[in-house]
Amino acid sequence: MKKLFITILLLVSFFPIKAEADTPIVQMMEGEIRAGFTVPLGAYHGGKAQVSAAVGIEGRYNFKGTPWDCGVMLDLTTARRGYEHLYNDGADRWQNNRTLAFALTGDYNLRQGRKINPFVGTAVGVAFNDVVGDKYFPTQGTSMIFAPRIGVEFVHHIRLTAQFNLCRKGYNNFGLTVGFVLGGRPKK
């Protein structure tokens, strides 16, 4: 996990900070609503990883003439694990560790304003953790969340994002979401 974090930081540090001459001017504000799937990261009390859900909304501000944006996101992600194998009674036993995150975001858009726009970024904020479903290992609380992400935006409206949600053992997950974006189109 630490190697991944260091690799992402090194990659982001090589992006140019100054405005590029060929960066198109885009609308200042944009909003996104997204949904997708998550899988838990790491082991937790012998549970077997299961696919679960993620939903979120985000508002972003695009800095004029630059490939940078910043924003605020509200994300609900889960880390679901099955525990049937621990009890061997044939029952469907699972625990879903849920994280509600409120975070500040920052992205670098590699082709800002174009029909295919890859991006890389991160989110940092506060995470509210609790357990839903069966509660074999109940925990709850508040933690910090760090969420590095990478993705691509297609035709100014469809955004595919891969994101690591790192906040606390048992709650960390990897999410793959599809979002619908309004705003942020190139200005004429």
Exercise. Hand me the list of strands (runs of 3 or more DSSP E) wholly inside the range 72-188 holding 2 or more residues that are over 20 Å from the mean Cα position of the chain (by Cα).
Key: 94-109, 116-133
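Select from the range 155-165 the residues that are surrounded by fewer than 21 Cβ atoms within 10 Å (Cβ to Cβ) and modelled with pLDDT of 95 or more and list them in ascending order.
Just the residues of the range 155-165 that are surrounded by fewer than 21 Cβ atoms within 10 Å (Cβ to Cβ), to begin with: 155-158, 160, 162, 164.
Of everything in the range 155-165, those that are surrounded by fewer than 21 Cβ atoms within 10 Å (Cβ to Cβ) and modelled with pLDDT of 95 or more turn out to be ILE158, LEU160, ALA162, PHE164.
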Quiz item: Among the candidates TYR136, TYR108, which residue alone is touching a helix residue (DSSP H, G or I) at 6+ places or on another chain (Cβ under 9 Å), at pLDDT below 95 and surrounded by 15 or more Cβ atoms within 10 Å (Cβ to Cβ)?
Solution: TYR136
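Just wondering, is there one or more residues in the range 127-138 that are free of Cβ contacts under 8 Å to residues at least 24 places away in the same chain and either more than 22 Å from VAL72 (Cβ to Cβ) or of a type in the set (Ser, Thr, Tyr) (or both)? I'd like the intermediate steps shown before the answer.
Of the range 127-138, the ones free of Cβ contacts under 8 Å to residues at least 24 places away in the same chain are 138.
Retained after the next criterion (residues that are either more than 22 Å from VAL72 (Cβ to Cβ) or of a type in the set (Ser, Thr, Tyr) (or both)): 138.
Yes, that holds for at least one residue.
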Quiz item: What tally of residues in the range 166-176 results from selecting those that are surrounded by fewer than 17 Cβ atoms within 10 Å (Cβ to Cβ) and of a type in the set (A, V, I, L, M)?
Solution: 1
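Return the only residue of ALA19, ALA49, ALA54 being surrounded by 15 or more Cβ atoms within 10 Å (Cβ to Cβ) and at pLDDT below 95.
Testing whether each residue is surrounded by 15 or more Cβ atoms within 10 Å (Cβ to Cβ) and at pLDDT below 95 leaves just ALA49.
The values are calculated or read from the model by the stated rules, or taken from the named source; none is laboratory data. Keep in mind the model is a prediction, meaning the values are calculated, not measured. When we count neighbours, we look across all protein chains shown, and the Cβ atoms used for this are built from the backbone with ideal geometry, even at glycine.
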